[in-house]
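Peer 1: Mind having a look at this structure? Questions to follow.
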Amino acid sequence: MPASPFTFRPATARDHPFLEQMLLEAAAASGDILTPDTLASQEHTFRYVAEWGRATDVGVIAVDELGVHAGAAWARLFDRAMGSPAFLGEQIPEITIAVAPDFRRRQLGTALLTELADAARAAGFLALSLGVETDNTAAQQLYRRDGWALHHTAGDYTILSKDLRTPHSG
């Protein structure tokens, strides 16, 4: 397999603007049309990046050989009161992943999932969760190839989980 044209680094508080951009991309993939001006008012979406950089936040940023930000994947803990259908427990972070439009179809999503799982495992997490629209079969195939398993369905969402207890599971 050829070397990846991307490098990966931890997401920090300074990456908040890029994470917001990627959150907008992820929302658009789900059919939610948000803008930078309306994002902060959408609490159910903005919570994935609000005050990014908490001690339990884990994320990775993909950068191309020119230093351009290409994508991001991050994991954040929530509590049951947040009401997310992907909530599986207070010690299981929920992930968000997005690839910038110019960098799609280059296996970057798969690489981001691997890098995020490694970072979450290193941070001491035992599992991850995510919610994907049930009719988004392409995304579900990507996640299942990466070792994600069906946990349950909730309305229009399929909730998947990934066991991190085995290194490089997937």
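The values are calculated or read from the model by the stated rules, or taken from the named source; none is laboratory data. This structure is a prediction, so every number in the text was calculated from the model and none was measured. Cβ atoms come from the backbone with ideal geometry, glycine included; neighbour counts cover every protein chain shown.
Peer 1: Only one residue in GLY131, GLY109, GLY59 is in a helix (DSSP H, G or I) and in contact with a strand residue (DSSP E or B) (Cβ under 6 Å, 6 or more places away or on another chain), so which one is that? Give the derivation first.
Peer 2: Working: GLY131 fails: in a helix (DSSP H, G or I); GLY59 fails: in a helix (DSSP H, G or I).
Only one candidate qualifies: GLY109.
Per-residue answers, yes or no, for (1) within 19 Å of TRP52 (Cβ to Cβ); (2) aromatic (Phe, Trp, Tyr):
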site: GLN91; (1), (2): no, no
site: VAL99; (1), (2): yes, no
site: ARG106; (1), (2): no, no
site: ARG121; (1), (2): no, no
site: ALA138; (1), (2): no, no
site: ARG145; (1), (2): no, no
site: TRP148; (1), (2): no, yes
site: GLY155; (1), (2): no, no
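Let's see how each residue does on (1) at pLDDT below 90; (2) buried (at least 19 other Cβ atoms within 10 Å of the Cβ); (3) not acidic (Asp, Glu):
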| residue | (1), (2), (3) |
| --- | --- |
| ASP79 | yes, no, no |
| MET82 | yes, no, yes |
| PRO85 | yes, no, yes |
| GLN91 | no, no, yes |
| GLU94 | no, yes, no |
| ARG106 | yes, no, yes |
| GLY147 | no, no, yes |
| GLY155 | yes, no, yes |
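Peer 1: If you don't mind, another one. Could you check segment 45-59 and list, in sequence order, the residues that are at pLDDT below 90 and within 19 Å of LEU128 (Cα to Cα)?
Peer 2: First, pick out the residues of segment 45-59 that are at pLDDT below 90: 45-51.
Listed by number, the residues that qualify are THR45, ARG47, TYR48, VAL49.
Peer 1: Would you check which residues across segment 1-43 are of a type in the set (S, T, N, Q), over 13 Å from GLY59 (Cβ atoms) and at pLDDT 90 or above and list them?
Peer 2: Of the residues in segment 1-43, the ones of a type in the set (S, T, N, Q) are 4, 7, 12, 21, 30, 35, 38, 41-42.
Remaining after also requiring over 13 Å from GLY59 (Cβ atoms): 4, 7, 21, 30, 35, 38, 41-42.
Result: THR7, GLN21.
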